1. Provide the FRET efficiency to the nearest 0.05 for the Glu318-His279 pair, computing r from the beta carbons and using R0 = 25 Å.
2. Mind giving me the nanometre distance, one decimal, between the label points for Asn271 and Met365, set 7 Å out from Cα along Cα→Cβ?
3. Full-extension gain between Glu34 and Lys68, please, as 0.36 nm times their residue separation minus the C-alpha to C-alpha distance.
4. Taking a ≥ b ≥ c as the square roots of the Cα gyration tensor eigenvalues, with a/c under 1.5 meaning rounded and otherwise prolate when a/b beats b/c, else oblate, which class fits segment 74-165?
5. So for segment 307-447, if I pair up every lysine 8 or more residues apart or on another chain, how many of those pairs have alpha-carbons under 29 Å apart?
6. Where the centroid of each part is defined by its Cα atoms, how far is segment 287-313 from segment 172-213 in Å?
7. For the chain, what does -39500 (n - 2.57) per DSSP helix run (n ≥ 4), summed and divided by total residues, give at 222 nm, in deg cm²/dmol to the nearest 500?
8. From Cα pairs below 8 angstrom and at least 6 apart in sequence, can you work out the relative contact order of the chain, rounded to a whole percent?
Amino acid sequence: MKVGFVSLGCPKNQMDTEVMLHEVMAAGYEVTPEETEADVVIINTCGFIESAKQEAIDNILDIAWLKKHKGLKALIVTGCLAERYRESIFDEMPEVDALLGVGSIHNIVEAIEAVTIKRKKRSQKYSSFEDKENVRLGGDRVLTTPEYTAYLKIAEGCDNKCAYCAIPSIRGRFRSRTIEDIVAEAKQLDSLGVKELTLVAQDTTRYGKDIYGEYKLHELLRSITENTAIPWIRILYCYPDKITDELVAEMRDNPRVLKYIDVPIQHISDNMLKAMNRHGNSATVKEAIAKLRREIPDIVIRTTFIVGFPGETEEDFEELCEYVKEAKFEHAGVFTYSREEDTPAYDFEDQIDEQTKQDRMDMLMRLQLEINEARNREMIGKTVNVICEDFDPVSEVHFGRSEADAPEIDGKVYFRSEHRIAPGSFVKVKVRDVLDYDLIGRAITKQ
């Protein structure tokens with residue numbers, strides 16, 4: 001029997017897919033990358049904002065077509081959408097045969113057997129929603145990233161309870177893995193040849209608070225570098241109110257921790273930060289960013305913003321725009337507020353119309369593009385260290401990412417070379433031109 005996988009959403013969800021992949025293969029099933037060849041397809045969904053939910057639904061309906069027109073026997077839906085809406089998915093999409101919540105990923109083999117081998121009649125469904133806060137974290141997985149790069153989940157769940165966010169209800173309270181457990185997995189990834197390790201959690205800066213009584217991300221970073229030879233270690237999803245002096249010092253002084261940090265600040269207006277139930281006010285955000293710039297002058301800061309949150313005035317939005325001009329973030333993503341049921345903000349007054357949200361997003365993205373283009377032009381003539389990702393035979397250029405660019409979300413470096421360079425190799429590239437968010441150059445030496 002052949003099993004196909006579709007993984008949607010963030011890297012944290014992707015790692016759940018990798019765990020399920022391992023368990024399916026260990027049970028003897030053949031995994032196929034072609035859904036049209038599969039007997040069973042598993043869709044691991046995202047579902048915390050409207051666009052993610054729609055993407056999940058579209059994928060479910062697309063795969064369901066294979067049940068009528070190809071040989072697909074069963075469709076299994078896992079992940080955040082399944083956890084959030086549970087058995088109501090059966091009512092809305094009867095094509096779905098099984099549902100697994102985020103606490104039941106280790107039941108994937110049982111689900112496959114229930115809807116194929118043990119299934120007595122076509123209408124029989126399977127569902128499992130075990131306690132998400134007791135699910136085993138970590139464990140063996142099959143990497144779906146290129147062999148030279150991997151994500152490492154250091155914690156699960158979230159305690160921040162932002163007014164717009166459904167993640168705490170979907171993923172549960174914040175739970176850290178132990179340093180020993182994480183380091184053991186990092187050593188395994190090192191042995192597989194991973195050269196870039198990206199640490200993720202819903203809130204990486206909270207790491208350790210629940211089990212050690214204090215923030216321990218800096219100690220975790222030091223332990224990983226002491227026990228592995230992985231040259232690039234990157235951090236995503238840091239909250240400004242938890243960026244400690246110890247973390248800043250570790251990033252500054254540890255040569256293998258990249259001078260890159262993702263800090264989703266969402267807004268800068270005190271009115272909006274309070275309404276969003278964000279931890280800390282405008283001063284907290286500004287001091288965190290200023291401290292990073294002061295202590296690590298060459299740091300690259302990525303952030304995200306939400307525009308169109310209920311009650312956002314023109315003054316609030318203008319304040320955000322002015323701060324973006326002032327802070328000059330190297331990377332930024334802008335999202336329109338998504339009104340989500342079962343979140344406090346769903347019932348807030350002064351909801352903003354969709355056109356205003358879109359206009360504000362477009363305006364802020366144009367502003368950020370100008371900042372990125374100006375920054376990139378300053379890079380012309382400089383040399384950057386790039387991890388090669390692949391070669392495009394059509395344009396005859398290699399492409400990869402610099403230390404300033406995280407996988408999947410940031411820009412690329414396109415470069416020519418006299419020789420073919422293997423994916424995962426580090427290469428020095430002299431920048432000669434820019435194209436929007438990307439750099440263009442030529443390889444000068446290979447490390």
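1. Plugging the Cβ-Cβ distance into 1/(1 + (r/R0)^6) gives 0.55.
2. 2.5
3. Full-extension gain reported as 10.6 nm.
4. oblate
5. Lysine pair count for segment 307-447: 19.
6. For segment 287-313 versus segment 172-213, the Cα centre distance is 24 Å.
7. -10500 deg cm²/dmol
8. 9
The values are calculated or read from the model by the stated rules, or taken from the named source; none is laboratory data. This structure is a prediction, so every number in the text was calculated from the model and none was measured. Methodologically, a virtual Cβ is constructed for each residue, glycine included, from the backbone with ideal geometry; neighbour enumeration extends over all protein chains shown. All accessible areas refer to the heavy atoms of the entire protein, side chains included, with ligands and DNA or RNA removed. Shrake-Rupley method; radii C 1.70, N 1.55, O 1.52, S 1.80 Å.
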